[in-house]
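Contents: one structure, followed by commentary.
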Amino acid sequence: MSDNNKIKVDGVRKGFGALPVIGGVSFAVADSEFVAIVGPSGCGKSTLMNVIAGFERPDAGRVEIDGAPLAGPSPRGIVISQHGSVFPWLTVQQNLMFGLNGKHGADHGERAALADHYAAMVGLKGFESAYPHELSGGMLKRVELARAFIVKPEILYLDEPFSALDALMNLRMRNELLRILEEERHTVLLITHDVDEAIYMADRILVLSPRPTTIQARFEVKLPHPRRLASPEAEALREAILRELGL
Ligand SMILES: Nc1ncnc2c1ncn2[C@@H]1O[C@H](COP(=O)(O)OP(=O)(O)O)[C@@H](O)[C@H]1O
Ligand SMILES: [Mg+2]
């Protein structure tokens, strides 16, 4: 699959001062593949994501996107983190138009129409003129997703995107994300501490060790969608992953 690699991570190491965080990580993500990385809290997941997305430089090793060495954050990838990045002083439509940043045609009307299309795609039809403080946590997450998808990124970097949501909304957003990915396929790298979230969505799961982190195990998820987390196959996979995590 070497020709088809969207992301290649090769021998990446990273520390902060005397603290070694990433202890040598190598893996590849194929074009249009959905890879999840699970690992214990504090093991270095966000640090790894920041290196792969180009926000931090590795101390050793390299990251390649489409075979070219990564030089910094690329507009071809979009990061969605737990914290969120919606502007409180802009409406839903304005937030989405801001993401377009003058690209995709400068015409204001066209950009507004595109913003409304993506708002509808994430189930926010009728809320185009609402401000963030008028929206629930789940609706805010939908704005985030729409803002990511509207720029048609080649890669979605998701760092615990739904972990601040309540359990029910978390389940809804998983389905929402999978539905959008069926419409518009992207390469996805999801970081999570939620094993079920990974099993529900990913094609492959990498399990990280505690810090300094390395890939401890790799699993393929061959279950068809929509997945049932209560199925014997999913149960067996969960068992195996939890065992790797020492749980
Ligand atoms: N910018 C930084 N400076 C110093 N230490 C950091 C920095 N970022 C992360 N760390 C440390 O690196 C370790 C891993 O952090 P992080 O990657 O956020 O873990 P995770 O996302 O798996 O919870 C933690 O001990 C954290 O304190
Ligand atoms: Mg983190």
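Restricting attention to the range 18-44, the residues that are of a type outside the set (A, V, I, L, M) and either touching a Cys at 6+ places or on another chain (Cβ under 7 Å) or more than 13 Å from P212 (Cβ to Cβ) (or both) total 7.
Of the conditions (1) part of a helix (DSSP H, G or I); (2) touching a residue at least 12 places away in the same chain (Cβ under 8 Å); (3) of a type outside the set (A, V, I, L, M), H117 fails just one. Which one is it? Single failed check for H117: (2). Applying the selection to the range 20-44, what residues are within 14 Å of ligand 1 (Cβ to nearest atom) and either assigned to a strand (DSSP E or B) or surrounded by 22 or more Cβ atoms within 10 Å (Cβ to Cβ) (or both)? Residues satisfying the conditions are P20, V21, I22, G23, V25, A36, I37, V38, G39, C43, G44.
When V35, V63, V92, V86 are screened for being touching a residue at least 24 places away in the same chain (Cβ under 8 Å), more than 16 Å from ligand 2 (Cβ to nearest atom) and closer than 20 Å to V195 by Cα, only V35 passes. When we screen F55, F27 for residues that are away from ligand 2 (no atom under 16 Å from the Cβ) and in the same structural domain as H225 (by TED's automatic domain parsing), the only hit is F27.
The values are calculated or read from the model by the stated rules, or taken from the named source; none is laboratory data. These figures come from a predicted structure and were not determined experimentally. All Cβ positions, glycine included, derive from the backbone under ideal geometry; neighbour counts span all protein chains shown.
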